[in-house]
Amino acid sequence: MDDPQRLRRVVEGLRSGIPYQEMAQAIVFGRESQITQLNRLMEQTEDARRPKFPAMVIRAHYGEGKTHLLQSFWGSAADRNWVVSYISLSKETPLDRLDQIYPKIIDSTFVPGGKLAGIESIVDEGLKAPQILAEARAMEFSARVMTILDNLVAHNEGYPELIQDISGTFLTAAELKRIYRGNFSRALKLERTVMREEAFEYLRLVDWLIHRAGYQGWLILFDEVELIGKFGRGARSRAYASIGRLLNLATPHLLTVWALASNFLTDVIYQRNDQAAAPSWLQSRPKEQHLAAFCQEGIGALVEAKSLEPLSRDQVDQLIMQIYSFHRDAYSWQPPQEPLDLIRLIRNLAPAQDTRLRTVVRLSLTILDTWFQYGVDPSLSIGQVEDEDLAEDQGKTGPTEGAHVDGNAPGSGNVYRADFLE
């Protein structure tokens, strides 16, 4: 990390509160044990030793580094030649409807070192091997997926449309029949299916193609899982079932990571009695009874989520010193005080041992920025960081926090408001 431009990108990423791979690889925030755990799961998968539980579920309070850790996971997976997808759940990305979330997953899928998302290169590489269709039939894909593959291998009529279909812009039955007739000069007989169910088959297909294309595996990172709590009971129940189904899906090269806020367990699962009520709700609906067991398993996985422990005082001090040196080298300047002075200032402003990591990062940068601009200590007031309000059907997007800065110098009195690293 001796490139000032790269250091500047890292510092600006910390300042903006938007984690990304390069920053997460530079600063791991004391989460080496979690990264080691994921590497162990990836190693087992690479050796065709499918983990009994092919996922990690982590939880932490808002501002304790969940999103940053997911970005660190991304970097570790890319280094091992894994394809990575990153998705934040929301009302526009609902986990209860996999046919709606599947396109979002593909839209955020990156090959190692890739700058553009998508799976066209994966499909192109994965289909090059001989005997592709025989192997696909041995996988027992659904009739629709096999029809897509048959037409892709033909590589004549409708190839771009078929790529779009695998990417989540699903073809209608009429469009698929037209392409099939163009490739094989005969009518297609295909039973009607529900894309909500077919989406799971598409995940199996992409997992298979990723491996055939020469990649070691596929990692899907699900962030802000706690936003399931915004849904009504029916949607929550189906969302839990989706988690359970993904954990049991026949995808030998796929690992998933789920990150949720700590208050999700108390405010949603326990307070709303979802462990009993959600499976029961599905069981009472004849067409969805088969989802009840998956729902129970999905809830169980969230309940067993490993909590991210707060960093020790020594780890926090090391983080502050790292931010100090990055800021100094990024802007080629010498701060008027030493790293230990910065640590003392932050301890005075936030003396509590359980101060959120986001607050520590923000304080470090605010003090350094004020030193850089004015050469004096700022006067700061610290706002409280609160967890996400998970009440149903609320439009609130999440907590924010700010620090009012009085630099005691011309131009002081700016209001610094930005999200820290989640």
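The values are calculated or read from the model by the stated rules, or taken from the named source; none is laboratory data. Keep in mind it's a predicted model, so treat the numbers as computed, not measured. All Cβ positions, glycine included, derive from the backbone under ideal geometry; neighbour counts span all protein chains shown. Accessible surface areas use protein heavy atoms only, side chains included; no ligands, DNA or RNA. Shrake-Rupley method; radii C 1.70, N 1.55, O 1.52, S 1.80 Å.
Taking a ≥ b ≥ c as the square roots of the eigenvalues of the alpha-carbon gyration tensor, region 199-341 is classed oblate because a/c is 1.5 or more while a/b is no larger than b/c.
Using C-alpha pairs below 8 Å separated by at least 6 residues, the relative contact order for region 213-291 is 41 percent. With unit charges on the beta carbons (Lys and Arg positive, Asp and Glu negative) and the dipole taken about the Cα centre of region 166-266, which residue among TYR202, PHE222, PHE170 sits farthest to the positive side? After comparing all options, I get PHE170.
Given a 1.4 Å probe, how much area per residue of the chain is accessible, in Å²? Kindly include the intermediate steps, with their values, before the conclusion.
On the way: 18620 Å² over 422 residues.
Per residue, the chain has an accessible area of 44 Å².
Across the accessible surface of the chain, with the other protein chains kept in place and a 1.4 Å probe, carbon and sulfur atoms take up 48 percent.
The 1.4 Å probe gives accessible areas that order SER85, SER284, largest first, as SER284, SER85. The trypsin sites (Lys or Arg not before Pro) of region 89-123 meeting both criteria, a DSSP state outside H, G, I, E and B (loop) and at most 11 other C-beta atoms within 10 angstrom of the site's C-beta, are LYS91, LYS115.
The angle between the Cα long axis of helix 274-283 and the longest principal axis of the Cα atoms of the chain comes to about 20 degrees, rounded to the nearest 10.
Debye-formula intensities of the chain, expressed as log10 I(q)/I(0) at q = 0.12 Å⁻¹, are -1.01 (one equal scatterer per alpha-carbon, no solvent). Using the empirical formula 2.2 N^0.38 Å as the baseline, the Cα radius of gyration of region 74-195 reaches a ratio of 1.16. The angle between the Cα long axis of helix 98-107 and the longest principal axis of the Cα atoms of the chain comes to about 60 degrees, rounded to the nearest 10. Here the relative contact order of the chain, from alpha carbon pairs under 8 Å that lie six or more residues apart, stands at 24 percent.
Taking the C-alpha atoms only, the angle from helix 32-46 to the longest principal axis of the chain is near 20 degrees. Straight-line cross-link partners of LYS66 among the lysines, defined as a Cα under 16 Å from its Cα and at least 8 positions apart when in the same chain: LYS306. For the residue pairs LYS104/LYS230; LYS52/LYS287; LYS52/LYS230, the alpha carbons lie more than 24 Å apart in LYS52/LYS287; LYS52/LYS230.
Using Cα pairs under 8 angstrom and six or more residues apart, how large is the relative contact order of region 144-190, in percent? Relative contact order of region 144-190: 34 percent. Counting only residues at least eight positions apart within a chain, or on another chain, the lysines with an alpha carbon under 20 Å from that of LYS177 are LYS189.
Of SER16, SER76, SER33, the residue with the greatest mean-square motion in the GNM of the chain, using alpha carbon springs below 10 Å, is SER33. Its Cα gyration tensor gives region 1-104 an equivalent ellipsoid. The semi-axes, each the square root of 5 times an eigenvalue, are 25, 20, 14 Å from largest down.
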